[in-house]
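Single-structure report; data block below.
The values are calculated or read from the model by the stated rules, or taken from the named source; none is laboratory data. Every value quoted in this text rests on a predicted model; they were computed, and no experiment measured them. Keep in mind that these areas ignore ligands, DNA and RNA; they rest on the heavy atoms of the full protein, side chains included. Shrake-Rupley method; radii C 1.70, N 1.55, O 1.52, S 1.80 Å.
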Amino acid sequence: MSLQRDYILRIIEAFAQAMARILTLRKAGQHEAAKQEIAATARSLLGVDLGLLEAIGVGPVAAQLGHPDEIEALAKLVDERAGVERDRGDAAAADRWAGRAAELHALAHPR
(Lines give C-alpha, C1' and ligand atoms only; values in the text may rest on other atoms or scores of the structure.)
Protein backbone atom coordinates (compact mmCIF):
# COMPACT_ATOMS: atom_id res chain seq x y z
CA MET A 1 0.00 0.00 0.00
CA SER A 2 1.36 3.42 -0.91
CA LEU A 3 2.10 6.00 1.74
CA GLN A 4 -0.47 8.38 0.25
CA ARG A 5 -3.19 5.74 0.26
CA ASP A 6 -2.30 4.74 3.84
CA TYR A 7 -2.48 8.39 4.92
CA ILE A 8 -5.88 8.86 3.28
CA LEU A 9 -7.24 5.72 4.93
CA ARG A 10 -6.02 6.94 8.34
CA ILE A 11 -7.75 10.29 7.81
CA ILE A 12 -11.00 8.55 6.81
CA GLU A 13 -10.78 6.31 9.87
CA ALA A 14 -10.10 9.26 12.18
CA PHE A 15 -13.07 11.14 10.71
CA ALA A 16 -15.37 8.15 11.14
CA GLN A 17 -14.28 7.73 14.75
CA ALA A 18 -14.84 11.43 15.44
CA MET A 19 -18.33 11.28 13.92
CA ALA A 20 -19.14 8.29 16.10
CA ARG A 21 -17.98 10.20 19.20
CA ILE A 22 -20.07 13.22 18.18
CA LEU A 23 -23.19 11.12 17.67
CA THR A 24 -22.67 9.38 21.02
CA LEU A 25 -22.32 12.74 22.78
CA ARG A 26 -25.44 14.08 21.05
CA LYS A 27 -27.49 11.03 22.05
CA ALA A 28 -26.30 11.45 25.63
CA GLY A 29 -27.39 15.10 25.63
CA GLN A 30 -23.82 16.30 26.14
CA HIS A 31 -24.18 19.32 23.90
CA GLU A 32 -21.09 21.28 24.94
CA ALA A 33 -18.87 18.21 24.66
CA ALA A 34 -20.34 17.49 21.20
CA LYS A 35 -19.65 21.08 20.10
CA GLN A 36 -16.08 20.79 21.39
CA GLU A 37 -15.57 17.49 19.55
CA ILE A 38 -16.91 19.01 16.32
CA ALA A 39 -14.60 22.01 16.65
CA ALA A 40 -11.60 19.83 17.54
CA THR A 41 -12.22 17.54 14.57
CA ALA A 42 -12.55 20.46 12.15
CA ARG A 43 -9.31 21.90 13.51
CA SER A 44 -7.25 18.70 13.67
CA LEU A 45 -8.36 16.96 10.48
CA LEU A 46 -9.16 19.92 8.23
CA GLY A 47 -7.25 22.82 9.75
CA VAL A 48 -10.46 24.86 10.05
CA ASP A 49 -11.45 26.97 13.03
CA LEU A 50 -15.26 27.04 13.10
CA GLY A 51 -15.09 30.56 14.55
CA LEU A 52 -13.41 31.60 11.31
CA LEU A 53 -16.26 29.99 9.39
CA GLU A 54 -18.66 32.19 11.35
CA ALA A 55 -16.53 35.32 10.96
CA ILE A 56 -15.57 35.31 7.28
CA GLY A 57 -18.14 33.00 5.77
CA VAL A 58 -18.27 29.73 3.94
CA GLY A 59 -16.73 30.74 0.59
CA PRO A 60 -13.27 31.78 1.78
CA VAL A 61 -12.98 28.78 4.10
CA ALA A 62 -14.00 26.37 1.35
CA ALA A 63 -11.51 28.00 -1.03
CA GLN A 64 -8.78 27.49 1.55
CA LEU A 65 -9.63 23.78 1.73
CA GLY A 66 -9.86 23.42 -2.01
CA HIS A 67 -10.59 19.71 -2.40
CA PRO A 68 -14.28 18.77 -2.67
CA ASP A 69 -13.86 15.84 -0.24
CA GLU A 70 -12.48 18.19 2.42
CA ILE A 71 -15.32 20.65 1.84
CA GLU A 72 -17.82 17.79 2.12
CA ALA A 73 -16.22 16.59 5.37
CA LEU A 74 -16.53 20.11 6.79
CA ALA A 75 -20.15 20.23 5.62
CA LYS A 76 -20.87 17.03 7.55
CA LEU A 77 -19.31 18.49 10.71
CA VAL A 78 -21.32 21.69 10.29
CA ASP A 79 -24.45 19.57 9.80
CA GLU A 80 -23.70 17.97 13.16
CA ARG A 81 -23.25 21.40 14.74
CA ALA A 82 -26.69 22.35 13.41
CA GLY A 83 -28.03 19.15 14.95
CA VAL A 84 -26.51 19.98 18.32
CA GLU A 85 -28.14 23.40 18.25
CA ARG A 86 -31.46 21.79 17.30
CA ASP A 87 -31.04 19.30 20.17
CA ARG A 88 -30.48 22.25 22.52
CA GLY A 89 -33.67 23.89 21.32
CA ASP A 90 -31.95 26.86 19.65
CA ALA A 91 -33.76 26.94 16.31
CA ALA A 92 -32.12 30.18 15.14
CA ALA A 93 -28.59 28.84 15.70
CA ALA A 94 -29.57 25.50 14.14
CA ASP A 95 -30.85 27.33 11.04
CA ARG A 96 -27.63 29.39 10.75
CA TRP A 97 -25.43 26.29 10.97
CA ALA A 98 -27.70 24.34 8.61
CA GLY A 99 -27.47 27.18 6.09
CA ARG A 100 -23.67 27.09 6.27
CA ALA A 101 -23.74 23.31 5.82
CA ALA A 102 -25.98 23.65 2.74
CA GLU A 103 -23.58 26.21 1.24
CA LEU A 104 -20.65 23.87 1.87
CA HIS A 105 -22.48 20.91 0.32
CA ALA A 106 -23.22 23.05 -2.75
CA LEU A 107 -19.58 24.13 -3.04
CA ALA A 108 -18.38 20.54 -2.69
CA HIS A 109 -20.74 19.36 -5.44
CA PRO A 110 -21.22 22.18 -7.95
CA ARG A 111 -23.58 21.53 -10.82
Mean separation of Cα contacts under 8 Å, 6 or more apart, over the residue count of region 2-111: relative contact order %: 24
Helix-only CD estimate at 222 nm, as mean residue ellipticity for the chain, using -39500 (n - 2.57) per DSSP H run (n ≥ 4): -26500 deg cm²/dmol
Probe 1.4 Å, accessible area per residue of the chain, Å²: 59
Two-decimal log10 I(q)/I(0) for region 1-54, as the Debye equation yields it once each C-alpha is a single scatterer, q = 0.16 Å⁻¹: -0.54
Whole-Hz couplings from phi, Karplus 6.51/-1.76/1.60, listed for region 18-33; x for Gly and Pro: 5, 4, 5, 4, 4, 5, 4, 5, 4, 4, 7, x, 8, 5, 5, 5
Apportionment of accessible area to carbon and sulfur, the chain, percent (1.4 Å): 54
